[in-house]
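*Asks:* Supplied in structure tokens, the structure appears directly below.
The values are calculated or read from the model by the stated rules, or taken from the named source; none is laboratory data. The structure displayed is predicted, hence computed values, not measured ones. Cβ placement follows ideal geometry from the backbone for every residue including glycine, while neighbour counts extend to all protein chains displayed.
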């Protein structure tokens, strides 16, 4: 099995993969818009949707998911073990949220986190319909993201308690959830005071 230096190298690589700001790249290259200066200021798929429309948002969403999937699979392909797979999963989400390439700004970690978490814990796929249902019924993307991430975390811990998932992966998913919550701090405040912007609102 590769040593810890290989694990550290993959973790750093995962952070840099996550730091590729696909939303920023797509928006800047197609329209000249700097996503950091419009809408929510985030570079994720939701701000792309509100700024550039569905097609661009779908492209960014897929690319962001792939970042998460690829980073964990890289650690797995090298036979680094669950600890480094988990580290790669957390690192890629951190890179996405705080990209050094664009002044340590970024997205909110949902798509990239979903990609990483799905490799660590495939049950996460079963949570996606819940997110879709919440977003469809409330038009709050933030609420759907937070609830589905919370459910995935609770499920991961429950599976780990009965030895159906290793605790390293469960803890990584919990850390990813914590990052998502931190990145949604302003959304949570707006949800609580009723001023959160709904999907489709013009302002």
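*Asks:* Can you name the number of the only condition in (1) surrounded by 18 or more Cβ atoms within 10 Å (Cβ to Cβ); (2) over 16 Å from the mean Cα position of the chain (by Cα); (3) in contact (Cβ under 8 Å) with a residue 60 or more places away in the chain; (4) more than 15 Å from residue 89 (Cβ to Cβ) that residue 199 fails?
*Replies:* Failed condition: (1).
*Asks:* Select, from 167, 98, the only residue that is in contact with a strand residue (DSSP E or B) (Cβ under 8 Å, 6 or more places away or on another chain) and more than 19 Å from residue 57 (Cα to Cα). First the steps, then the outcome.
*Replies:* On the way: 167 fails: in contact with a strand residue (DSSP E or B) (Cβ under 8 Å, 6 or more places away or on another chain).
Exactly one residue qualifies, and that residue is 98.
*Asks:* Sticking with this structure for a sec: Give the residues of the stretch 33-79 that are modelled with pLDDT under 95 and at positive phi, sorted by residue number.
*Replies:* 39, 41, 53, listed by residue number.
*Asks:* In the stretch 149-181, what count of residues is obtained for those that are in contact (Cβ under 8 Å) with a residue 12 or more places away in the chain and assigned to a helix (DSSP H, G or I)? First the steps, then the outcome.
*Replies:* Keep residues of the stretch 149-181 that are in contact (Cβ under 8 Å) with a residue 12 or more places away in the chain, which gives 149-153, 155-157, 159, 165-166, 168-177, 179-181.
Next cut, assigned to a helix (DSSP H, G or I) only: 149-153, 155-157, 159, 168-177, 179-181.
Of the residues in that region, 22 qualify.
*Asks:* Let me ask something else about it. Residues in the stretch 189-203 that are in a helix (DSSP H, G or I) and either under 15 Å from residue 82 (Cα atoms) or touching a helix residue (DSSP H, G or I) at 6+ places or on another chain (Cβ under 7 Å) (or both): how many?
*Replies:* Let us first name the residues in the stretch 189-203 that are in a helix (DSSP H, G or I), namely 189-193.
Filter again for either under 15 Å from residue 82 (Cα atoms) or touching a helix residue (DSSP H, G or I) at 6+ places or on another chain (Cβ under 7 Å) (or both), leaving 191.
The total comes to 1.
*Asks:* Of 73, 16, 80, 5, which residue is in contact (Cβ under 8 Å) with a residue 24 or more places away in the chain and over 17 Å from the mean Cα position of the chain (by Cα)?
*Replies:* Numbers: 73 fails: over 17 Å from the mean Cα position of the chain (by Cα); 16 fails: over 17 Å from the mean Cα position of the chain (by Cα); 5 fails: in contact (Cβ under 8 Å) with a residue 24 or more places away in the chain.
None of the other options fit; the residue is 80.
*Asks:* Quick one: is residue 93 out of contact with any strand residue (DSSP E or B) (no Cβ under 9 Å at 6 or more places or on another chain), modelled with pLDDT of 95 or more, crowded, with 24+ Cβ neighbours inside 10 Å and within 25 Å of residue 185 (Cα to Cα)?
*Replies:* Numbers: out of contact with any strand residue (DSSP E or B) (no Cβ under 9 Å at 6 or more places or on another chain): yes; modelled with pLDDT of 95 or more: yes; crowded, with 24+ Cβ neighbours inside 10 Å: yes; within 25 Å of residue 185 (Cα to Cα): yes.
Yes, satisfied.
*Asks:* Also, I was wondering about something else. Please identify the pairs in which a residue from the stretch 85-96 that is more than 16 Å from residue 42 (Cα to Cα) has its Cβ atom under 7 Å from the Cβ atom of a residue that is modelled with pLDDT under 95 and surrounded by 24 or more Cβ atoms within 10 Å (Cβ to Cβ), counting only partners at least 6 apart or on another chain.
*Replies:* Between residues of the stretch 85-96 that are more than 16 Å from residue 42 (Cα to Cα) and residues that are modelled with pLDDT under 95 and surrounded by 24 or more Cβ atoms within 10 Å (Cβ to Cβ), there is no close pair.
*Asks:* Which residues, counting only those in the stretch 102-133, are outside any loop (DSSP other than H, G, I, E, B) and buried (at least 24 other Cβ atoms within 10 Å of the Cβ)?
*Replies:* Of all residues in the stretch 102-133, those outside any loop (DSSP other than H, G, I, E, B) come to 102, 105, 110-120, 122-133.
Passing the criteria: 110, 111, 112, 113, 114, 115, 116, 117, 120.
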